């Protein structure tokens, strides 16, 4: 039998606010919910969601998936060539950011980037031929995510590009990302002029070997402590990587000086990294990928294991629904634009870098990064609020990544699709903004939210997987 | 087009902050384009590239450069002073981080914040209410669903989950409950005591709990079930669960069950559970004739009887001291004219409307209604009375686009005036329901209507009697006694309960010398 007599009533009020006030004025304890219909008001999905709330199978699966994410230990092991390290990277394969997308549907920057990569690979020597090649289906395209990799913005990885090799020493999986080219006219924003290709070649032939020798000399570099330190130094390791890049170079210089690299090679390496405050982004991203991949594929788990954008669609993967992407049209980011540009010039949201938010960093760790709080409304208080708010849609927190401004509170991590749909609190994503035309480059930066629709889509298949 | 710039020396600001300021500048009238940057070589290059700088400028990397293109030198000057102010604000805006936590957005969120939660009160639109109830139950909370428009299938689902988890499910369409002394939804502030109530009728629960409380007998728990609980499809799940809960509850000594007449099967099921217990149970299935009353299970035909029987059980055979409002009501003034033959009952409580029909059909004969007990007497037009008519203005038909008449008196006001215009109206009977959720001063609203009605009737030399009662207690925000005094001062003939008020109205019709011939 229900037994109320021994307990003081403690009420949560859904609906008419006056009921809550009446209870309070009668001396009772009640709190009012800022309720709105879940799932965009789709009551059928809302009803399925209700069945999943506090469902034993999902809770157990999420504990397992989240536990794996927490235990993962990504370590920088070296730099190698994409085709020699990424699985199934055969022939004329080019990988891109986000969910799979056909060549003809790709956004401008991604196309531009692919054309540049074809020239870089030496398959053709001009853009016209490169386009013909792509049109004729001579290049196979696939998502970075399908090859244990992630890529910022267009996220293009072609076979001979150098990649960071990240080993998860706890579970044995690997993750990869290209080296960051810097700002301005760069391939990841769709630029493909000769100077861009030249820089990529230099990175392949000189930078990559120098970096690799340095790493081999220092030994594997644990990345979680580096990320954690960077958070304490004002990075959120997505849109701000100044601290992380500085910490990295400290490690690399010592290794490089002890390696066989020439004085000049070391000088060029140091000067390249010093001139690029985003260099560390390409290490924070594969670290997150390595941590999240081990959480993927736990049956019944409602944990998001990837958020990714290909410039056309915003997509997520969910642990318990492996093998599927849930997609919806990518939003255009309402951010801050460089002089001369506006939202009209912007490509839709692009890049795999939202893997950082999926892992509890980036926008989720905004409180760590007061310097860029203008993106979230101006004041550090807004940033704190944002980081705290994300706690409401995650499975738990990651005490390895802490936020000084919130009394060293752990970051919110492990997005739970059920909580997103139930609260309509959307995961925030800090992001750069690419010009919609190939080759122009970055035109701004800002904050966006993952669209509710992708999370709503997961409820029915999740329901099917747990309720017979 | 003019290109203007300004340099602020020895200032450093993050580029993101400066971009925000530049965006504001571009919104100013007369400014075509603006950039605000730290004057590093790379940034200057960028500004030149978009043709914002046409002169050699001398700036250091730790200077802030503001450059605009404009048609108007004054606009540029205004822009520059705006920037200076904003840049100063960047460093002086030192509000402390906000500590106010926004309201929770979901039941789960509220549970995560407060592990002590044990009941969810749900009044969101009906199509979402079932899902919210399931969430609450899945999280171990009891639920009260005020919302209606929840499907019967969903109601049965939810109630079964509640049974399974030993959690109370009150509703859907449960208007009122009193749990551990706390009024929920539309409810009265009653004293604590030995009588437990389970009710499928909100106003029924309010009537019985208020009467008992006025007589000095308190309530242990008053559990609502929702109006459909005793239908064949639902099968009385909540009433039986509630009854069992009260049978086990140490504080409860006497139990009252209230419902419109259930299906026979469900009634027998409920009665059997009552008989299997060891506490006196008063069963009030309105109008239900059952001769099987005994020491354990006693049947009451109307709410007033149910309250009185419970009082008698608690007080070892003593009857309550009735308040005799009728003394002051001047029954001798039988001054209806020959056409004034009919009673008009204008209710805000559905159960009162039902109960009044029961009593009238015993005493006056046919009664028309928009919610008739006997379908043969359904009003052809709910908005127009005929002969004896009683209507429930709380019914969906009357509440389209308007709040419930217990909150918003406009519909009732119009209807009372309309009845006053009808030369056949002799007596207008009404309920005044107070307590949490109801209008802050319903008597005042009614008095306005009565005054209007009397003016209309007086012009045609008619006198209309007003008969009413107040459902509530002195501890309600509107205060029972205050409401009674207001009505009394306006000459309303008052009774203690709905059934007593109805009988009083009947007597005014029957004893009127002119209308005596009718019947």
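Below, the figures for the structure above:
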quantity: Matching helices (runs of 4 or more DSSP H) fully within the range B:104-205 where at least 1 residues are modelled with pLDDT of 95 or more and within 7 Å of another protein chain (Cβ to nearest Cβ); calculated: B:107-113, B:126-138
quantity: From B:170, B:144, residue being under 13 Å from residue A:15 (Cβ atoms) and either outside the structural domain of residue B:206 (by TED's automatic domain parsing) or under 20 Å from the mean Cα position of the chain (by Cα) (or both); calculated: B:144
quantity: Residue in the range A:360-375 that is within 9 Å of another protein chain (Cβ to nearest Cβ), in a helix (DSSP H, G or I), modelled with pLDDT of 95 or more and crowded, with 19+ Cβ neighbours inside 10 Å present; calculated: no
quantity: Residue in the range B:214-223 that is more than 10 Å from every other protein chain (Cβ to nearest Cβ), modelled with pLDDT of 95 or more and within 14 Å of residue B:170 (Cβ to Cβ) present; calculated: yes
quantity: Helices (runs of 4 or more DSSP H) fully within the range A:14-73 counting 2 or more residues that are modelled with pLDDT under 95 and facing chain B (nearest Cβ under 8 Å); calculated: A:17-25
quantity: Meets criteria (outside the structural domain of residue B:149 (by TED's automatic domain parsing), more than 29 Å from the chain's Cα centre (by Cα) and either under 23 Å from residue B:352 (Cα atoms) or assigned to a loop (DSSP other than H, G, I, E, B) (or both)) for residue B:265; calculated: no
quantity: Pair list, Cβ < 7 Å and 6+ apart or interchain, from the range A:112-128 residues that are free of Cβ contacts under 8 Å to residues at least 40 places away in the same chain to residues that are in a helix (DSSP H, G or I); calculated: A:123/A:133; A:124/A:118; A:124/A:130; A:124/A:133; A:125/A:119
quantity: Set A:432, A:396, A:446, A:414: member being more than 30 Å from residue A:343 (Cβ to Cβ) and surrounded by 22 or more Cβ atoms within 10 Å (Cβ to Cβ); calculated: A:414
quantity: Checklist (1) over 24 Å from residue A:311 (Cα atoms); (2) in contact (Cβ under 8 Å) with a residue 24 or more places away in the chain applied to residue A:464, failing item; calculated: (2)
quantity: Number of the exception - residue A:183 against (1) surrounded by fewer than 22 Cβ atoms within 10 Å (Cβ to Cβ); (2) within 24 Å of the chain's Cα centre (by Cα); (3) modelled with pLDDT of 95 or more; calculated: (3)
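Residue-wise test of (1) modelled with pLDDT of 95 or more; (2) assigned by TED's automatic domain parsing to the domain that holds residue B:470; (3) within 23 Å of the chain's Cα centre (by Cα); (4) assigned to a helix (DSSP H, G or I).
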residue: B:401; (1), (2), (3), (4): no, yes, yes, no
residue: B:408; (1), (2), (3), (4): no, yes, yes, no
residue: B:415; (1), (2), (3), (4): yes, yes, yes, yes
residue: B:420; (1), (2), (3), (4): yes, yes, no, yes
residue: B:452; (1), (2), (3), (4): yes, yes, no, yes
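So that you can scan it fast, the table gives a plain yes or no per residue for (1) closer than 17 Å to residue A:389 by Cβ; (2) touching a helix residue (DSSP H, G or I) at 6+ places or on another chain (Cβ under 6 Å); (3) within 11 Å of chain B (Cβ to nearest Cβ):
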{"position": "A:418", "(1), (2), (3)": "yes, yes, yes"}
{"position": "A:421", "(1), (2), (3)": "yes, yes, yes"}
{"position": "A:431", "(1), (2), (3)": "no, no, no"}
{"position": "A:438", "(1), (2), (3)": "no, yes, no"}
{"position": "A:445", "(1), (2), (3)": "no, no, yes"}
{"position": "A:448", "(1), (2), (3)": "yes, no, no"}
{"position": "A:458", "(1), (2), (3)": "no, yes, no"}
{"position": "A:461", "(1), (2), (3)": "no, yes, no"}
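The values are calculated or read from the model by the stated rules, or taken from the named source; none is laboratory data. On a predicted model such as this, the values are computed, not experimentally measured, just so you know. Note that each Cβ is placed from the backbone with ideal geometry, even for glycine, and that neighbours are counted across all protein chains shown.
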